[in-house]
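Written below as structure tokens is the structure these notes are about.
The values are calculated or read from the model by the stated rules, or taken from the named source; none is laboratory data. This one's a predicted model, so the numbers in the text were calculated from it and none came from an experiment. Note that each Cβ is placed from the backbone with ideal geometry, even for glycine, and that neighbours are counted across all protein chains shown. Only protein heavy atoms, including side chains, enter the accessible area calculation; ligands, DNA and RNA are left aside. Shrake-Rupley method; radii C 1.70, N 1.55, O 1.52, S 1.80 Å.
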Amino acid sequence: MRAVEDAVGVKIPKNARLIRNLLHGAQFQHDHIVHFYHLHALDWVDIVSALSADPKKTATLSDNVSNAPWGGSAYFKGIKQRLKTFVDSGQLGPFENAYWGHSAYKLPPEANLMAAAHYIEALRLQAKAARMHAIFGAKNPHLQSLVVGGITSVRDLTPDRIAEFLYICKETQDFVENVYVPDLLAVASFYKDWGGIGGCTNFLAWGDLPQSAEEPESLYMPRGVIMKQNIGGLKMADQKKVTEHVARAWYEKGDPKHPFKGETKPLKENPKYRPGNGKYSWSKAPRYEGEPCEVGPLARVLVAFGKGHKDIKPIVESVINKLGIEAKHLFSTLGRTAARGIETIAIGRATQGWVLELVENLKKGDTKTYQPWEMPDSGMGVGLNDVARGSLGHWIEIENKKIKNYQYVVPSTWNLGPRCEKGKLSPVEEALIGTPIADPKKPLEVLRTVHSFDPCIACGVHIIDPDSNEVYKIKVC
């Protein structure tokens with residue numbers, strides 16, 4: 001959408017920008033809660049260990065750690081019984097192959113029981129948080145109200161619906177600040193050695209959440225690139241310096257290309273893993289000035305910290321002080337996980353401010369949410385933003401009023417792509433080097449670092465016909 005707007009030269013109205021920010025801010029609140037509790041927490045929390053916890057001691061721990069609205073020994077006794085019933089059933093479902101009892105787990109039983117309880121509460125909360133998207137976006141996921149030129153939810157800009165959004169946003173933010181982040185810090189305090197494990201060298205953030213029509217100057221999450229962990233050498237990121245490499249991917253041989261010139265030509269022979277210098281991935285290898293870059297919450301927080309962001313810098317300093325670590329320890333799996341909580345606090349607070357800004361704008365009689373536009377005969381456009389997982393770029397070329405070429409580079413392509421022709425590791429590959437493994441048959445430690453990137457390659461691959469090996473092409477009439 002942003003790429004097309006750039007190509008056709010349309011500037012969206014202020015209300016449309018605010019609504020997009022609200023939807024995007026809601027996504028950060030929702031996504032990071034789900035990631036911490038339901039996709040990553042069990043790498044650190046031993047659920048089975050919670051069965052030996054003392055509910056009374058757990059209640060005391062919970063009171064000392066968080067300001068959760070639920071608790072008490074009776075509450076945790078009930079959670080413990082539910083867990084016991086679940087484990088005794090023998091039907092653990094997605095938890096069947098987890099590494100319960102692994103020696104790398106460090107939390108005491110009471111901390112595990114508290115975390116298990118909050119895991120359950122987070123399930124309830126995230127379902128409610130997802131409703132924020134439905135208010136102005138019709139559904140979650142895959143919003144329906146975003147269009148080139150603005151948004152279509154003009155009839156939803158009523159006092160009741162705005163108030164409903166703000167209410168859920170505040171309730172979600174209460175959970176973030178009173179439960180999620182305190183839990184994160186409590187768990188991190190037992191795993192501070194992970195402040196020296198799982199780090200990367202380079203970091204890229206396109207930034208997002210514009211506060212005016214001026215980009216990238218007004219982006220709430222700023223744009224920038226950090227090379228060789230040198231925060232002091234922070235520079236503005238330039239999409240012209242991006243190339244994609246295919247030397248180690250299952251595509252036809254070719255030189256590195258900027259996305260505007262991007263091609264998707266799968267190998268004609270059946271792909272298979274080849275050790276050594278062979279090909280081993282469907283993902284291309286994005287590079288910035290020839291270098292791999294980590295993208296995501298840590299990259300965004302480091303860039304914001306390096307720019308002295310008035311909201312984020314104090315939160316980073318508070319986290320560092322509470323954990324008793326140094327800034328250099330942020331370049332790690334620990335830092336990557338903490339960064340999600342840090343930016344969730346800042347973005348959640350900012351989102352509430354954008355609601356009030358929208359209300360004031362509507363009070364002044366400005367209800368415009370869409371700017372008409374015409375498709376040019378030709379054009380080229382770039383759409384850059386930062387989603388929860390990281391930097392996302394779309395490049396589009398228009399010819400004869402139709403899309404001639406369209407390429408995008410998604411966060412997990414940056415993080416999980418293969419090596420390039422120069423043999424440079426992807427961020428995840430680099431982060432795994434030197435990871436201590438207590439039991440090679442149960443590599444829990446590997447999961448910790450991989451999950452900290454929140455991998456999702458669904459939008460970074462293509463649909464291939466298994467017989468012809470052709471990429472499926474869909475024509476929309």
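For the range 308-342, give me each residue that is within 20 Å of residue 353 (Cα to Cα) and hydrophobic (A, V, I, L, M, F, W, C). Matches in the range 308-342: 312, 315, 342. Against the test of being without any contact (Cβ under 8 Å) to a residue 24 or more places away in the chain, over 17 Å from residue 323 (Cα atoms), surrounded by fewer than 21 Cβ atoms within 10 Å (Cβ to Cβ) and charged (D, E, K, R), the options 164, 214, 171 yield a single qualifying residue, 214. The requirement of being assigned to a helix (DSSP H, G or I), modelled with pLDDT of 95 or more, more than 22 Å from the chain's Cα centre (by Cα) and of a type in the set (A, V, I, L, M) is not satisfied by residue 123. Here 106, 77, 128 are screened, and the one residue that is part of a loop (DSSP other than H, G, I, E, B), more than 23 Å from residue 360 (Cβ to Cβ), open to solvent by 30 Å² or more (accessible area, probe 1.4 Å) and charged (D, E, K, R) is 106.
Looking across the range 282-307 at every residue that is under 22 Å from the mean Cα position of the chain (by Cα) and open to solvent by 10 Å² or more (accessible area, probe 1.4 Å), the one that is modelled with the lowest pLDDT is identified as 282. Taking residue 166 as the residue in question, decide whether it is hydrophobic (A, V, I, L, M, F, W, C) and in contact with a helix residue (DSSP H, G or I) (Cβ under 8 Å, 6 or more places away or on another chain). The answer is yes for residue 166. Scanning the range 420-439 for residues that are part of a loop (DSSP other than H, G, I, E, B) and surrounded by fewer than 21 Cβ atoms within 10 Å (Cβ to Cβ) gives 421, 422, 423, 424, 425, 433, 434, 435, 436, 437, 438, 439.
Per-residue answers, yes or no, for (1) on the phi < 0 side of the Ramachandran plot; (2) without any contact (Cβ under 8 Å) to a residue 12 or more places away in the chain; (3) of a type in the set (Gly, Ala, Ser):
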site: 324; (1), (2), (3): no, no, yes
site: 330; (1), (2), (3): yes, no, no
site: 333; (1), (2), (3): yes, no, no
site: 336; (1), (2), (3): yes, no, no
site: 348; (1), (2), (3): yes, no, yes
site: 360; (1), (2), (3): yes, yes, no
site: 370; (1), (2), (3): yes, no, no
site: 375; (1), (2), (3): yes, no, no
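With the condition kept exactly as written, say whether any residue in the range 187-198 is aromatic (Phe, Trp, Tyr), within 26 Å of residue 306 (Cβ to Cβ) and in a loop (DSSP other than H, G, I, E, B). Yes, some residue in the range 187-198 is aromatic (Phe, Trp, Tyr), within 26 Å of residue 306 (Cβ to Cβ) and in a loop (DSSP other than H, G, I, E, B). Considering the conditions (1) open to solvent by less than 50 Å² (accessible area, probe 1.4 Å); (2) modelled with pLDDT of 95 or more; (3) under 27 Å from residue 218 (Cα atoms), residue 334 is excluded by exactly one of them, (3).
Set side by side, the residues 51, 61, 22, 39 differ, and just one is part of a helix (DSSP H, G or I), in contact (Cβ under 8 Å) with a residue 24 or more places away in the chain, farther than 17 Å from residue 119 by Cα and aliphatic (A, V, I, L, M), which is 22. Candidates 411, 443: the one that is open to solvent by less than 80 Å² (accessible area, probe 1.4 Å), under 18 Å from the mean Cα position of the chain (by Cα), modelled with pLDDT of 90 or more and not aliphatic (A, V, I, L, M) is 411. Quick check, is residue 263 at pLDDT 90 or above and either open to solvent by 20 Å² or more (accessible area, probe 1.4 Å) or of a type in the set (Val, Ile, Thr) (or both)? No: the conditions fail for residue 263.
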